[in-house]
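Heads up: the structure comes next, in structure tokens.
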Amino acid sequence: MALLEIRDLVVRYGEIEALRGISLQVEQGKVVTLLGANGAGKSTTLRAISGLEKPASGDILFDGKSIAGQGPEAIVRLGIAHVPEGRRVFPGLTVKENIMLGASNRRVSSREISREADAMFDLFPDIRTFANTLGWTLSGGQLQMVAVARGLMAKPRLLLLDEPSLGLAPVIVQAVFRIISQIRQTTTVLLVEQNARMGLSVADFGYVLETGRIVLGGKPDELWGNEAIRAAYLGGHAKATA
Ligand SMILES: Nc1ncnc2c1ncn2[C@@H]1O[C@H](COP(=O)(O)OP(=O)(O)OP(=O)(O)O)[C@@H](O)[C@H]1O
Ligand SMILES: [Mg+2]
């Protein structure tokens, strides 16, 4: 049984049908990447899983049980953490306090949360300098690291990551993806990416979403192996960079 299964999911924003009946599975312990162009419905898929959008029809099963229609707090408590698009980091808090916020779903002492937040800086050494300072100025990549660290503090069984590479320099993107390949040992990940090469480089399985429909699913090498699909959905720069 898959950890996450989406069946015929339809999500609408008023008249707009953002998801037109998508089905996908995420197996325990895997990294699954959802690729697609702007407006394809990638973020909507993650928002529906984490309870931020209500499905019009279809179902979302976590551990075999339907979670469709439940609110975001209930879904976080089940062990699903969502690192949304954009990097929401609170400027009035230190970096460590920002990271500790991620654990608000857990019943553990603040001392333990503080200890775990300190340990996050081993995973993200680039942001350690800013741990306890107020008035920090972080780069886009560093903000992204804070957001991912905060997601990990929830100790999620399933981590939803929305475009962690967006707007980042290639060297930072590589650092973020290195971290994704490290956390995959303990956490199942559903990753949304427009950067197909990066997204597939850490994936066990990939899906391609096009205007609210899954048009393709396969192992990364199967997706790369198909010339027409590569040109149409995965960007034309495969040869230069693969
Ligand atoms: N709050 C909203 N109200 C109305 N329409 C929306 C809303 N959010 C998204 N949409 C529409 O739903 C569709 C899917 O949007 P979504 O944000 O899921 O796409 P995406 O694949 O994440 O795109 P991007 O790569 O640009 O982030 C788009 O047509 C978008 O305009
Ligand atoms: Mg999006």
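The values are calculated or read from the model by the stated rules, or taken from the named source; none is laboratory data. Quantities reported herein were computed from a predicted structural model and do not represent experimental measurements. Positions of Cβ are backbone-derived with ideal geometry, glycine not excepted, and every protein chain shown enters the neighbour counts.
Is it the case that Leu52 is touching a strand residue (DSSP E or B) at 6+ places or on another chain (Cβ under 6 Å) and either under 17 Å from Gly71 (Cα atoms) or crowded, with 16+ Cβ neighbours inside 10 Å (or both)?
No.
Residues checked against (1) within 16 Å of ligand 1 (Cβ to nearest atom); (2) in a loop (DSSP other than H, G, I, E, B); (3) hydrophobic (A, V, I, L, M, F, W, C):
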{"residue": "Leu24", "(1), (2), (3)": "yes, no, yes"}
{"residue": "Gln28", "(1), (2), (3)": "no, yes, no"}
{"residue": "Val32", "(1), (2), (3)": "yes, no, yes"}
{"residue": "Gly39", "(1), (2), (3)": "yes, yes, no"}
{"residue": "Ser43", "(1), (2), (3)": "yes, no, no"}
{"residue": "Leu46", "(1), (2), (3)": "yes, no, yes"}
{"residue": "Leu52", "(1), (2), (3)": "yes, yes, yes"}
{"residue": "Ile60", "(1), (2), (3)": "yes, no, yes"}
{"residue": "Gly69", "(1), (2), (3)": "no, yes, no"}
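If you go through region 134-144, how many residues are assigned to a helix (DSSP H, G or I) and crowded, with 17+ Cβ neighbours inside 10 Å?
Qualifying residue count, region 134-144: 4.
One line per residue, one yes/no per condition, for (1) surrounded by fewer than 14 Cβ atoms within 10 Å (Cβ to Cβ); (2) away from ligand 1 (no atom under 16 Å from the Cβ); (3) among the aliphatic types (A, V, I, L, M); (4) part of a helix (DSSP H, G or I):
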residue: Arg111; (1), (2), (3), (4): yes, yes, no, yes
residue: Met120; (1), (2), (3), (4): no, yes, yes, yes
residue: Asn132; (1), (2), (3), (4): yes, yes, no, no
residue: Val146; (1), (2), (3), (4): no, yes, yes, yes
residue: Leu152; (1), (2), (3), (4): no, yes, yes, yes
residue: Tyr207; (1), (2), (3), (4): no, no, no, no
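Scan (1) at pLDDT 85 or above; (2) more than 19 Å from the chain's Cα centre (by Cα); (3) assigned to a loop (DSSP other than H, G, I, E, B) for the single condition Gly235 breaks and write down its number.
(1)
What is the one condition in (1) surrounded by fewer than 16 Cβ atoms within 10 Å (Cβ to Cβ); (2) part of a strand (DSSP E or B); (3) not hydroxyl-bearing (Ser, Thr, Tyr) that Pro91 does not satisfy?
Of the numbered conditions (1) surrounded by fewer than 16 Cβ atoms within 10 Å (Cβ to Cβ); (2) part of a strand (DSSP E or B); (3) not hydroxyl-bearing (Ser, Thr, Tyr), the odd one out for Pro91 is (2).
Sort out which residues of region 157-205 are of a type in the set (Lys, Arg), part of a helix (DSSP H, G or I) and either touching a residue at least 60 places away in the same chain (Cβ under 8 Å) or out of contact with any His (no Cβ under 9 Å at 6 or more places or on another chain) (or both), and write them in order of number.
The one that is of a type in the set (Lys, Arg), part of a helix (DSSP H, G or I) and either touching a residue at least 60 places away in the same chain (Cβ under 8 Å) or out of contact with any His (no Cβ under 9 Å at 6 or more places or on another chain) (or both): Arg178.
Name the residue, out of Leu3, Leu46, that is under 16 Å from the mean Cα position of the chain (by Cα) and more than 16 Å from ligand 2 (Cβ to nearest atom).
Leu3
If I filter region 185-193 for residues that are within 19 Å of Phe90 (Cβ to Cβ) and surrounded by fewer than 23 Cβ atoms within 10 Å (Cβ to Cβ), do I get at least one hit?
No; the residues of region 185-193 include none that is within 19 Å of Phe90 (Cβ to Cβ) and surrounded by fewer than 23 Cβ atoms within 10 Å (Cβ to Cβ).
List the pairs whose first member sits in region 76-96 and is closer than 12 Å to Pro164 by Cα and in contact (Cβ under 8 Å) with a residue 40 or more places away in the chain, whose second member is in a helix (DSSP H, G or I) and hydroxyl-bearing (Ser, Thr, Tyr), and whose Cβ atoms are under 6 Å apart, counting only residues at least 6 apart or on separate chains?
Every condition considered, the pairs that remain are Glu85/Ser43.
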